[in-house]
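Comments concern the structure below.
The values are calculated or read from the model by the stated rules, or taken from the named source; none is laboratory data. Not measured: the values here are computed from a predicted model. Cβ sites come from the backbone with ideal geometry, for glycine too, and all protein chains shown count toward neighbours. Accessible surface areas use protein heavy atoms only, side chains included; no ligands, DNA or RNA. Shrake-Rupley method; radii C 1.70, N 1.55, O 1.52, S 1.80 Å.
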Amino acid sequence: MSNIVEKVADCLVRAGSTFREDQKEAYRKAIAEEKIESSCWVLKQVLDNALVAENNRSPLCDDSGIPHLFLEVGKNKSITGELIDLIKEGVALGLRQLPGRPMAIKGNDYARIDQSGGLDEDSGALLPSPILIKTVDEDVIRLTILMLGGGPAIRGVTQRVFHKHSVEVVIDEIVNRAKEGVSKLGCSPCVLAVGIGRSQFEATSMMMEAMVYGDFSKQTEFEKRITEKVNESYVGPLGLGGKHSVLATFAKIGPQRASGVRIVALRPCCCFEPRRASVEL
């Protein structure tokens, strides 16, 4: 059982400290293409920072993030309450090892809302989000940990879109909201995470799944269109201008209902996100 705790802890540290290879390559490509010297410098600094963090197994950013958990379960596998407890124990251990920034607020409901209870000095006291579970055809139990920061959460939105029976209308609405979010986020270049569902919960779940499976080197036409249109804003890295406001879009479109609206969740992920890693348990 302790092996599961250690695996989860290591996964969290990797998520919080490491760029994936497709992510590194996306930055290398952007560096080679960016013509504005100051913007190119920003891209290089982000990548250099990521390489140092990976080598030291230290946080990619001072905002080390809130753990969000995504569990894939094979059809011949089962999960128990004991396994869930071990996962949570591993998350707490990983937060101490990273270390995560102490962000757990103490106190009752009111104290947690107004922060009057103060912060817990233990990094491991930071609780993860509720676990999302998905069945898969593989014979595995696989955990993916996403470390999600506060800035993108502030700039994210979940709203209805009147689609007017047109995909272009939906894309344009996403782009308009993304341009505003990217321009105000500050820590660009971004990755846009998009989920489209039948309710706020489902759209947000789709958005999280998009971050879990998103690949910088494999972009659908839908994703490419959004990226290209937002890059026309010319916000650029750290708002310094250039054609790399967004490096990629990760989108997941779930089941839809017969309705005049689509519920869209949008998160303009910062230059270090999606911070993610996976482990088989």
**Request:** Would you mind stating whether T249 is assigned to a helix (DSSP H, G or I) and among the polar types (S, T, N, Q)?
**Result:** no
**Asked** Out of the range 185-202, which residues are open to solvent by less than 20 Å² (accessible area, probe 1.4 Å) and either touching a Leu at 6+ places or on another chain (Cβ under 9 Å) or modelled with pLDDT under 95 (or both)?
**Response** S188, P189, C190, V191, L192, A193, V194, G195
**Answer residue from the range 105-126, given it is outside any helix (DSSP H, G or I) and without any contact (Cβ under 8 Å) to a residue 12 or more places away in the chain and is most open to solvent (accessible area, probe 1.4 Å) among those** = Q115
**Asked** If you scan the range 185-210, which residues turn out to be more than 12 Å from the chain's Cα centre (by Cα) and within 30 Å of S38 (Cβ to Cβ)?
**Response** L185, G186, C187, S188, P189
**Request:** Would you be able to tell me the number of residues in the range 65-93 that are closer than 23 Å to S205 by Cβ, touching a residue at least 40 places away in the same chain (Cβ under 8 Å) and either open to solvent by 100 Å² or more (accessible area, probe 1.4 Å) or not charged (D, E, K, R) (or both)?
**Result:** 17
**Fill in**
Those residues of the range 127-169 that are in a strand (DSSP E or B) and either in contact with a Leu (Cβ under 6 Å, 6 or more places away or on another chain) or open to solvent by 30 Å² or more (accessible area, probe 1.4 Å) (or both) come to a total of 13
**Prompt:** Does Y213 satisfy the condition of being over 27 Å from P102 (Cα atoms), open to solvent by 60 Å² or more (accessible area, probe 1.4 Å) and under 12 Å from the mean Cα position of the chain (by Cα)?
**Reply:** yes
**Prompt:** Could you say which residue among L60, L86, L12 is more than 14 Å from T144 (Cα to Cα) and either among the small types (G, A, S) or part of a helix (DSSP H, G or I) (or both)?
**Reply:** L86
**Candidate set from the range 220-246 (those that are free of Cβ contacts under 8 Å to residues at least 60 places away in the same chain, in a loop (DSSP other than H, G, I, E, B) and of a type outside the set (S, T, Y)); member that is surrounded by the fewest Cβ atoms within 10 Å (Cβ to Cβ)** = E232
